[in-house]
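J.: There's a structure below that I have some questions on.
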């Protein structure tokens, strides 16, 4: 499955990814990522997944905590401290 990085919280290493089913929220090293980059992998599961940043070709590990979220819920998760 493919998705687009829709938001980053570099302070807390949080990421939201827009998919065809809503938004996926997780924890990852986001220091080299940018909004609007494309990623692929299993974006509809909980736990640790290896995703690929299609813009850079790099693989990264994300701990998915929620998927199929609304935009509003994803923003709340991204911003909570």
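J.: Taking the criterion of being out of contact with any helix residue (DSSP H, G or I) (no Cβ under 8 Å at 6 or more places or on another chain), modelled with pLDDT of 95 or more and not in a loop (DSSP other than H, G, I, E, B), would at least one residue in segment 28-35 satisfy it?
T.: Scanning segment 28-35, I find no residue that is out of contact with any helix residue (DSSP H, G or I) (no Cβ under 8 Å at 6 or more places or on another chain), modelled with pLDDT of 95 or more and not in a loop (DSSP other than H, G, I, E, B), so the answer is no.
J.: Within segment 36-81, how many residues are closer than 20 Å to residue 20 by Cα, in contact (Cβ under 8 Å) with a residue 12 or more places away in the chain, over 12 Å from the mean Cα position of the chain (by Cα) and assigned to a helix (DSSP H, G or I)?
T.: 2
J.: (1) closer than 14 Å to residue 2 by Cα; (2) surrounded by fewer than 18 Cβ atoms within 10 Å (Cβ to Cβ): which one isn't true of residue 63, the others all being true?
T.: All conditions are met except number (1).
J.: Further question: Is it true that some residue in segment 13-20 is loosely packed, with under 15 Cβ neighbours inside 10 Å and assigned to a strand (DSSP E or B)?
T.: Within segment 13-20, not a single residue is loosely packed, with under 15 Cβ neighbours inside 10 Å and assigned to a strand (DSSP E or B).
The values are calculated or read from the model by the stated rules, or taken from the named source; none is laboratory data. Since the structure is predicted, the reported quantities are computational estimates derived from the model, not experimental observations. Neighbour counts are summed over all protein chains in view; Cβ atoms, including those assigned to glycine, are modelled from backbone coordinates with ideal geometry.
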